[in-house]
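Notes follow the structure.
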Amino acid sequence: MSGGPDAIVLGTVTDRMRARLDEKFTVHAVGTDSVPEALLGASYICCGQGGASVRADLIDAMPELKIISNFGVGYDNVDAAHAASKGVVVSHTPDVLNDEVANTAILLMLASARNFRHDEDWARSGTWEKQGAAPLSRSVKGATVGILGLGRIGEALAEKLGVFGVTVVYHNRSEKPVPYTYYGDLVEMARDADILISVAPGGASTHHIVNAEVLKALGPDGLLVNVGRGSVVDETALVAALSSGTLGAAALDVFEHEPKIPDALKTMDNVVLLPHVGSATVETRAAMGDLVVDNLIAMLETGKARTPVPECRDI
Ligand code: NDP
């Protein structure tokens, strides 16, 4: 311990993060979502991996709090609006994970369309020897891919999709100066798309915007990929649409009640499932961890975070 100011670590941090924090702060890894009373005077919170959340009551209970440095670009686990109203900066880890999450979306899209999960099983189980060639899958070439949430990750994804011979369209709340067709209406985009990839953030404004109507519009040959947040998709409607054939297939990295995945999804042949690993490579997690610590050190040394969330940019 350095003898520097107290820093509370919620959740877990890597050894590298811990070593860098120890150089500047007196670190208290409290492990849970609550801070012991004796530490409520701390000014620095490091929100590590493992779903730590910081809500309004904790922010109110810490009068000297300056920064909540969040591991991840999505920060629906932190009440950022409340923090901003109290002059507390919330920071996150944008950009360093764009490529990895975009790659994950493409992996999911191809795994589903090309039937990789089944085909791998076909090869591994010896079915190929017993029954011959595996059934044909589908090409994505020529497909229209609708991106819901054309932000930092969405734009990286759109660029990568360029090599697959697909047409990229997108839906945000507002149009951007990009070379892709904009849809102001999500249902309309889903109707025109063969594949809908959600990279939208969580929170109230996106809650269940991928609903039964959107899934129906995507249709019986349509594919839903979700690498954004589970709360964006109405999971009950998704299970119903997949069971009835209203929707063709789904490939999902994120879920409404993680780490719980609806049992029905686990049994479906037309579903590919991942355990929220969009950014989970050694390299990208190291870059994210560095940025989490950089933000804390920048606040300590300059009074400003390096990458504050939009709500906190004017603090
Ligand atoms: P950005 O803020 O750069 O992009 C988000 C995009 O979503 C913006 O273009 C925004 O456009 C759009 N959007 C926001 N709200 C709505 C809405 N209500 N309706 C329609 N569009 C909306 O974020 P990033 O690209 O950096 O990250 C996106 C999300 O990806 C994160 O918030 C996180 O949840 C998720 N993520 C998942 C990971 C994983 O492991 N699976 C890893 C990293 C991130 P506009 O404001 O014009 O609406």
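Summary of computed values
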item: Arg55, Arg191 arranged by Cβ crowding within 10 Å, fewest neighbours leading; result: Arg55, Arg191
item: Whole-number D in µm² s⁻¹ for the range 63-161, Kirkwood Cα-pair radius fed into Stokes-Einstein, 37 °C, 0.692 mPa s; result: 192 µm²/s
item: Isotropically averaged projected area of the range 89-211, using the convex hull of Cα atoms (one quarter of hull area), nm²; result: 10.1 nm²
item: J(HN,Hα) series, the range 266-272, from Karplus relation 6.51 cos²θ - 1.76 cosθ + 1.60, nearest Hz, glycine and proline x; result: 5, 9, 8, 6, 8, 10, 10
item: Val35, Val54 arranged by Cβ crowding within 10 Å, fewest neighbours leading; result: Val35, Val54
item: Rounded Å value of the spacing that divides the Cα centres of the range 83-143 and the range 165-221; result: 18 Å
item: Over the range 1-120: Rg over Rh, Cα atoms, Kirkwood Rh; result: 1.12
item: C-alpha long axis of helix 98-113 to longest principal axis of the chain, angle in °; result: 20 degrees
item: Signed unit charges on C-beta, dipole axis of the range 101-154, positive-most listed residue Gly132, Thr104, His118; result: Thr104
item: Largest-first ellipsoid semi-axes for the chain, taking √(5λ) over the Cα gyration tensor eigenvalues, angstrom; result: 39, 21, 18
item: Highest-fluctuation residue, Glu235, Glu23, Glu100 considered, GNM on the chain with Cα pairs under 10 Å; result: Glu23
item: Rounded FRET efficiency, nearest 0.05, which uses the C-beta distance separating Ser53 from Thr302 and R0 of 25 Å; result: 0.40
item: Binned Cα-Cα distances of the range 196-270, short to long, each 10 Å bin given as a whole percent; result: 21, 60, 19, 0
item: By average C-beta atoms within 10 angstrom, highest first, the peptides 285-292, 179-186, 303-310; result: 285-292, 303-310, 179-186
item: Over the range 141-215, equivalent-ellipsoid semi-axes from the Cα gyration tensor in Å; result: 19, 14, 11
item: Angstrom value of the Kirkwood radius, inverse mean 1/r, which spans all Cα pairs in the range 1-57; result: 11.4 Å
item: Distance between modelled label sites at Ala123 and Ala61, nm, 7 Å Cα→Cβ extension; result: 5.2 nm
item: log10 of Debye I(q)/I(0), alpha-carbon scatterers only, for the range 43-109 at 0.11, 0.14, 0.16 Å⁻¹; result: -0.31, -0.46, -0.56
item: Residue order, fewest to most surrounding Cβ atoms within 10 angstrom, among Met62, Met268, Met17; result: Met268, Met62, Met17
item: Descending semi-axes in Å of the range 166-315, equivalent ellipsoid built from Cα gyration tensor; result: 32, 20, 13
item: Eligible aspartates and glutamates near Lys304 by straight Cα distance, threshold 18 Å, same-chain separation 8 or greater; result: Asp6, Glu64, Asp290, Asp294, Asp314
item: Charge-dipole axis of the range 160-315 as Lys and Arg at +1 and Asp and Glu at -1 on Cβ define it, positive-most pick from Gly184, Leu218, Cys312; result: Cys312
item: Over 30 Å (Cα to Cα) - which of Lys176/Lys266; Lys24/Lys160; Lys141/Lys266; Lys130/Lys266; Lys141/Lys260 fall in this group; result: Lys176/Lys266; Lys24/Lys160; Lys141/Lys260
item: Per-residue ³J(HN,Hα) for the range 22-31, Karplus 6.51 cos²θ - 1.76 cosθ + 1.60, θ = phi - 60°, Hz, x for Gly and Pro; result: 4, 5, 10, 10, 8, 8, 10, 7, 8, x
item: Rounded to the nearest 20 debye, dipole of the chain from Cβ charges on Lys, Arg, Asp, Glu; result: 420 debye
item: Packing rank of 150-159, 131-140, 220-229, where each peptide gets the mean count of other beta carbons within 10 Å, highest leading; result: 220-229, 150-159, 131-140
item: The chain: antiparallel DSSP beta bridges as a percent of all, rounded to 5; result: 5 percent
item: Positive-end residue of Tyr75, Val90, Ala143, charge dipole of the range 64-143 with Cβ unit charges; result: Ala143
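A short reminder: the numbers here are calculations on the coordinates, not readings from a lab. As the structure is a prediction and not an experimental result, all values here were calculated from the model. As a convention, Cβ positions derive from the backbone with ideal geometry for all residues, glycine included, and neighbour counts pool all protein chains shown.
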